[in-house]
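Before any comments, here is the structure.
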Amino acid sequence: MRSDGPSRGGFVQPAAVQPPRRVPLWRNPTARAVAFQAVAIAVLLVLAVYLVSTTIANLEQRGIRSGFDFLENEAGFRIGETLIPYSPSDSYARAFLVGLLNTIHVSALGIVLATIIGILVGIARLSRNWLIARLASAFVETVRNIPLLLQLFFWYAAITGLLPAVRDAVAVLPGIYLSKSGLMFPVVKLGNAFPFVAIALLLGIVAAFAFRTWAKRRQDRTGERTPVLLVGTGLIVGFPIVAWLVSGAPLELDVPEKGRFTYSGGSSVTPEFLALLLGLTIYTSGFIAEIVRSGILAVPWGQTEAARALGLRQGRILRLVVLPQALRVIVPPLTSQYLNLTKNSSLAVAIGYPDLVSVANTSLNQTGQAIECISIMMAIYLTLSLSTSAFMNWYNRRVALVER
Amino acid sequence: MRLTGLAVAAAALLGVSGPAMAGATLDAVKERGAVRCGVNSGLAGFSIADSQGRWTGLDVDVCRAIAAAVVEDAEKVEWVPLSAQQRFTALQSGEVDVLSRNTTWTLTRDASLGLHFTVITFYDGQGFMVPANLGVDSAKDLSGAEVCVQSGTTTELNLADYFRANGMEFKPVVFESFEESKTAFFNGRCQVYTTDRSGLASLRASDAPNPKDYVILPEAISKEPLGPAVRRGDDEWFSIVKWVIYATIEAEEYGVTQANVDELKANSENPVVQRLLGVSGEMGKLLGLDNEWAYRVIKQVGNYGEIYDRNVGPDTPIGLDRGMNDLWTRGGLMYAMPIR
Ligand SMILES: N[C@@H](CCC(=O)N[C@@H](CS)C(=O)NCC(=O)O)C(=O)O
């Protein structure tokens, strides 16, 4: 096989020149490799079966209940924050779902916010303005080097320690109250206009994207630029407003009202959610800032100079020339930051936010079924992480094509 | 926490301690020369370590009593502080010989966690504590409140039941750590804290910045029978723990105290007292111990009433009346099975 390559060390390998003979199976590297893999898999399987059966036998012997039937039983506990309707008479399975949605809720928001802050800080670190650059690096070094758990405790203590009790909540703006119980704010109730407005909003977004594509083509063709941002925003905002007006402009403001203990009505953000979101966002944004900075630095300076020579303004150079190229470097490590943020959200238990881990732990304690609850948690986090990775890989392939 | 769960998983997978066999625990304890006891990490009156590292409390004294009976020295106890979340795992995996940590006896726990409750050492009920200046004086007025609660407790379930049964609304703020849940409440994050009423009394007396600022509402919304539990599968050890506790109760029933135990041992004509203190009969032998087992318990730790009064009684900061925990002869629920 190596016969026509240069011989190593000047020796002619005798085997190489002899006519190929039928090699016995155990000397055939491919066959050997396959055999080793098969043995390895078999050993793993046997080990897995052994572990599982011993576990089940042990649990049974000690009178510890096992199995996943408990998921259908009534959970019996309440959950402080839910995105879907949930009551203690619902099943453990639904409780897990509530926890999962809470995890996704805080992670998704955290990812968006951390990305925005991270990009801004990353760019700021490269600023030629001494003060801005220093402030940005101080921020990055501080947030990256303090353990997240401590930061969560800090934010939580700050919110519940410094803000007034809910009885003396401060009105930040009329109808918006801030206190130890969180941020209470009014919501607009659209009544039966809601579905129309929602559809109109979707249509507006689609229209805005279509407009952007059209504008880009036009610019490519004629060189004329259109105010895409303005028109796009107009479309996204305008469509729902028109839909709302057409459906009779129903307007009902649901304002938080002071009750005996807390406020009722309106909507609210709890201090637990706020602290977790702040902590996750700020901590992760430090890492993202560094990724963005290194991504930008990875784009050769010549690119910027060339863009300048074409007469592009600084903002445009960044947006049209540097960032698209930097993205190729940025996206893979960014993905792992997103995964980290999602997994770190499990620290929520420490400050009382009912995320997946918190709900699973409660279930674990109420049912005593540790192995089951932990397996469910692991499976869910694995799925979340793999889906995030899949999405980011897809995105990575898209930006990678930008390369010329 | 996840770690405890993993520990259970690992212990179960590897079969670390193996299924307990009859007598195995007693042998292990004797060989070690100490009882390994799972206790609360800090609940004044029940289980708390002082600045010198000496543990005090009712639950702690139960462990001392077991040690006095089994290894002849009440101080030969290895303390394993456990959170609400860790406790059952620790018992299941063999990390502790007995779990004496304000733990409520419920069917689910008894039937599905691989443990046996022994004897109730404290009859309790769940209650609510609120800041005095809220002006609330009944649990029925709590609709709409935010309630701080620790997860992994019966408390969490009773809370939901009570509000559901009374058609009231509330918002739970659930913490995994006791520390965080206390801090959140005393910081004013919640208007209500809920746990066993004994736990509330303890919190109010020893954790509140100023006990007078907090009131415990009169309602008991559940039954919380608290007592030590042991692993399933070792009936001999189960019996020992049971009878040590009965001995402290029977001692109180017959007026045997730490102060008079020697004198009664020498002079008492009462056959019950004689059997209890090992002057007659073979009570200890039947349990796999020696006949002075109960004598040592009373001598070194005291009878149930003494244990109660010293740790949580009216003269302590916790200040709990005997109430349900008084002897049955005085209208309470404490009743020892006859030692004969
Ligand atoms: N008796 C209840 C509650 C017991 C319980 O754990 N109470 C809390 C609040 S008083 C506690 O002791 N926490 C201490 C800790 O987790 O370290 C039960 O068995 O579930």
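The values are calculated or read from the model by the stated rules, or taken from the named source; none is laboratory data. Note that the coordinates shown come from a computational prediction; the quantities given were computed from them, not determined experimentally. Glycine gets a Cβ as well: all are built from the backbone with ideal geometry, and neighbour counts include every protein chain shown. Ligands, DNA and RNA are excluded from the accessible area calculation, which covers all protein heavy atoms including side chains. Shrake-Rupley method; radii C 1.70, N 1.55, O 1.52, S 1.80 Å.
Values as computed for the structure displayed
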read-out: DSSP-defined antiparallel bridges as percent of all bridges, segment B:128-222, nearest 5; value: 40 percent
read-out: Averaged over A:65-72, number of beta-carbon atoms from partner chains that fall within 10 Å; value: 1
read-out: Separation of the residue B:235 and residue B:52 label points, Cα + 7 Å toward Cβ, nm; value: 4.4 nm
read-out: DSSP H segments from chain A that extend 18 Å or more along their own axis, Cα-based, with Kyte-Doolittle mean of 1.0 or above; value: A:29-61, A:92-125, A:148-162, A:228-246, A:271-297
read-out: For the protein assembly as shown, Cys with no neighbouring Cys Cβ under 4.7 Å; value: A:373
read-out: Shielding score for A:257-270, defined as the mean number of other chain Cβ atoms within 10 Å; value: 3
read-out: Beta bridges by DSSP in segment B:56-209, antiparallel share as percent, to the nearest 5; value: 35 percent
read-out: Pairwise FRET efficiency - residue B:166 versus residue A:319, Cβ, R0 = 56 Å, nearest 0.05; value: 0.40
read-out: Partner chain coverage, peptide B:309-321 - average Cβ within 10 angstrom; value: 0
read-out: Whole-number accessible area per residue in Å² for chain B, which is evaluated in the context of all protein chains at 1.4 Å; value: 37 Å²
read-out: Residues of segment B:47-64 with amide N under 18 Å of a point placed 7 Å along Cα→Cβ from residue B:333; value: B:58-59
read-out: Full-extension gain in nm, residue A:38 to residue A:188, via 0.36 nm per residue minus C-alpha separation; value: 47.8 nm
read-out: For chain A, the fraction of alpha-carbon pairs in successive 10 Å shells from zero, as %; value: 4, 13, 19, 23, 18, 12, 7, 3, 1, 0
read-out: Span-rule helices in chain B, defined as complete DSSP H runs reaching 15 Å or more along the axis (Cα) with Kyte mean at least 1.0; value: B:2-14, B:58-70
read-out: Shape call, segment B:21-126: gyration tensor on alpha carbons, a/c limit 1.5; value: oblate
read-out: Cα-based radius of gyration of segment B:110-210 once divided by 2.2 N^0.38 Å, which approximates compact folds; value: 1.12
read-out: Around residue A:219: net Lys/Arg minus Asp/Glu count, Cβ-Cβ under 11 Å; value: +4
read-out: About the Cα centre, charge dipole magnitude for chain A (Lys/Arg +1, Asp/Glu -1 at Cβ), debye; value: 2020 debye
read-out: Accessible surface buried upon B-A contact (total; probe 1.4 Å; Å², nearest 100); value: 4200 Å²
read-out: Förster-model FRET efficiency, 22 Å R0, residue A:258 and residue A:158, C-beta, rounded to 0.05; value: 0.35
read-out: Segment A:266-368: proportion of alpha-carbon pairs further apart than 25 angstrom, %; value: 46 percent
read-out: Calculated P(r) tail over 52 Å for the protein assembly as shown, as whole % of Cα pairs; value: 31 percent
read-out: Beta bridges by DSSP in the protein assembly as shown, antiparallel share as percent, to the nearest 5; value: 65 percent
read-out: For peptides A:352-361, B:202-211, sequence by mean Cβ density within 10 Å, most packed first; value: A:352-361, B:202-211
read-out: Spatially proximal lysines relative to residue B:265 (Cα-Cα < 19 Å; intrachain offsets below 8 disregarded); value: B:285, B:299
read-out: Long pairs among B:171/B:212; A:343/B:140; A:258/B:182; A:180/B:212; B:140/B:242, criterion Cα-Cα beyond 32 Å; value: A:343/B:140; B:140/B:242
